[in-house]
Each structure stands twice: as C-alpha cells, then as structure tokens.
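Below is one structure, written out as structure tokens; the observations come after it.
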Amino acid sequence: MAQRHPSALKRHRQSEKRAARNRSIRTHFRRVIRDLRETIASKDASQAETKLRTVMTTLDKAVTKGVIHRNSAARHISRLSQQIAALRVS
C-alpha cells in the first residue's frame, strides 16, 4: 500500500486501474491468438484467415494502449501469417 501522502495515494489508484486494464487487454489478445492457433491446427484455412484479421486488430489495439511492444505484435502476426500461408499450400 502507498504512503499516506495524497499524491502517492492517487498514483497508487492510477497504477491499479492501469494494471487491471492491461491485464484485461493481455488476456483478450492471448485468448484470440489461442483460438486462431486451434483453427490452424484444425487445418481450416478460410476460417483462419478471418480470425487472423481479428488477431491483427486486437494486437494493434494492444500496441496503441502500450500493453505490448509494436515489434512483438508484428512478430506474432508474421508467424501466424506464415502458418496460415503454409495451410494454403498444403
């Protein structure tokens, strides 16, 4: 718990709010990625492409909110795109 100084109490409240928001966003994009990976495992290319768009927007929003780094999001998108491209070939 923060000290009794008013500004310290306020900063503590703010950090708790931000941590909860970040946790929610992180949980959401992890769930969306897991759902896409399950679709890729079932070898449904058209469904996977649709879900990839959702993953891309979700990760972009997480980057905008500062939850993850933009290069990390780009790496996720790139690797998932490669897996979907491999599905189309086979």
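A few notes on this one:
- Answer from SER46, SER24 - the residue that is farther than 26 Å from ALA86 by Cα, hydroxyl-bearing (Ser, Thr, Tyr) and either touching a Cys at 6+ places or on another chain (Cβ under 9 Å) or part of a helix (DSSP H, G or I) (or both): SER24
- Applying the condition of being β-branched (Val, Ile, Thr) and not in a helix (DSSP H, G or I) to region 49-68 and asking which residue is farthest from ARG21 (Cα to Cα) yields ILE68.
- Residue among ARG30, ARG37 that alone is part of a helix (DSSP H, G or I), out of contact with any helix residue (DSSP H, G or I) (no Cβ under 9 Å at 6 or more places or on another chain) and not aliphatic (A, V, I, L, M): ARG30
- Screening LYS51 with (1) modelled with pLDDT of 95 or more; (2) exposed (fewer than 15 other Cβ atoms within 10 Å of the Cβ) gives one miss only, at (2).
- Subset tally (residues that are under 20 Å from SER72 (Cα atoms) and exposed (fewer than 11 other Cβ atoms within 10 Å of the Cβ)) for region 1-23: 1
- Residue selected from region 27-43 under the condition among the aliphatic types (A, V, I, L, M) and surrounded by 14 or more Cβ atoms within 10 Å (Cβ to Cβ), by the criterion farthest from ALA85 (Cα to Cα): VAL32
- Test: residue in region 69-85 that is modelled with pLDDT of 95 or more and not in a helix (DSSP H, G or I): yes
- Within region 41-65, residues that are closer than 20 Å to VAL89 by Cβ have Cβ atoms under 9 Å from residues that are surrounded by fewer than 12 Cβ atoms within 10 Å (Cβ to Cβ) in these pairs: LYS43/SER90; ALA45/ARG88; ALA48/SER42; GLU49/ARG88, counting only partners at least 6 apart in sequence or on another chain.
The values are calculated or read from the model by the stated rules, or taken from the named source; none is laboratory data. Please read all numbers here as calculations on a predicted model, not as lab measurements. Every residue, glycine as well, gets a Cβ built from its backbone with ideal geometry; the counts of neighbours run over all protein chains shown.
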